[in-house]
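Since every read-out is calculated from the coordinates, none of them should be taken as a lab result. These figures come from a predicted structure and were not determined experimentally. Here Cβ is always computed from backbone atoms with ideal geometry, including for glycine, and neighbour counts include all displayed protein chains.
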Amino acid sequence: MAELLSDSEIADRLPDDWTREGDEITRTFEFQSYLEGVGFAAGAGGLAEEAFHHPDMHIGWREVEVRLTTHDAGGITQKDIDLAARLNDLAD
C-alpha cells in the first residue's frame with residue numbers, strides 16, 4: 001500500500017492548477033467544447049487504468065472535474081501526485 005504524504009509534502013509536490021480539498025486533490029480542466037472534454041476524460045481513463053489508480057471524474061459542459069485520493073491508504077499519496085501530473089500533460 002502507498003504511504004500517505006504529509007501536509008508539507010503535498011504542498012511541495014502538488015502539480016500546477018491542482019488544489020487540496022481534505023483527503024483529495026482536485027482540478028477542473030476547461031475545454032472549448034463538450035466533446036473535447038469527453039475526449040480528455042477518455043484519455044484520462046486510459047492513463048488511470050495504466051497506473052491502476054482511478055480518479056473520480058465529472059464531465060460537464062466544457063469542463064471535467066477530476067478528484068484524486070488513494071482510497072486504500074485513506075488520503076493523498078505519491079500515486080495521486082503522479083497521476084495529476086500526467087493528467088496535466090494530457091490536457092496540454
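Inspect all residues belonging to the stretch 48-66 and state whether any of them is closer than 16 Å to D92 by Cα and of a type in the set (K, R).
yes
Here are the criteria: (1) surrounded by 10 or more Cβ atoms within 10 Å (Cβ to Cβ); (2) within 19 Å of A73 (Cβ to Cβ). Tell me which single one F40 does not satisfy.
Among (1) surrounded by 10 or more Cβ atoms within 10 Å (Cβ to Cβ); (2) within 19 Å of A73 (Cβ to Cβ), F40 violates only (2).
Starting from residues that are hydrophobic (A, V, I, L, M, F, W, C) and crowded, with 16+ Cβ neighbours inside 10 Å, keep the ones in the stretch 48-58 and report whichever is farthest from W18 (Cα to Cα). If you could, list the steps in order and put the result at the bottom.
Here is the first cut: in the stretch 48-58, the residues hydrophobic (A, V, I, L, M, F, W, C) are 48, 51-52, 57.
Cutting the leftovers down to crowded, with 16+ Cβ neighbours inside 10 Å gives us 48, 57.
Numbers: A48: 17, M57: 14 Å.
Selected residue: A48.
For (1) surrounded by fewer than 12 Cβ atoms within 10 Å (Cβ to Cβ); (2) touching a residue at least 60 places away in the same chain (Cβ under 8 Å), each residue gets a yes or a no:
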| site | (1), (2) |
| --- | --- |
| M1 | yes, yes |
| D7 | yes, no |
| A11 | yes, no |
| I25 | no, no |
| S33 | yes, no |
| A44 | no, no |
| E65 | no, no |
| T77 | no, yes |
| A85 | no, yes |
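Collect the residues in the stretch 13-22 that are loosely packed, with under 15 Cβ neighbours inside 10 Å and either of a type outside the set (S, T, Y) or touching a residue at least 24 places away in the same chain (Cβ under 8 Å) (or both), keeping them in residue-number order. Please lay out each step first, then the result.
Pass one, the stretch 13-22, residues loosely packed, with under 15 Cβ neighbours inside 10 Å: 16-17, 19-22.
If the condition is that a residue be loosely packed, with under 15 Cβ neighbours inside 10 Å and either of a type outside the set (S, T, Y) or touching a residue at least 24 places away in the same chain (Cβ under 8 Å) (or both), then D16, D17, R20, E21, G22 are the ones that fit.
Having 2 or more residues that are in contact with a His (Cβ under 7 Å, 6 or more places away or on another chain) is the bar; report the helices (runs of 4 or more DSSP H) wholly within the chain that clear it. Steps first, answer last, please.
Numbers: elements: 7-13, 34-51, 78-91.
The helices (runs of 4 or more DSSP H) meeting that bar are 78-91.
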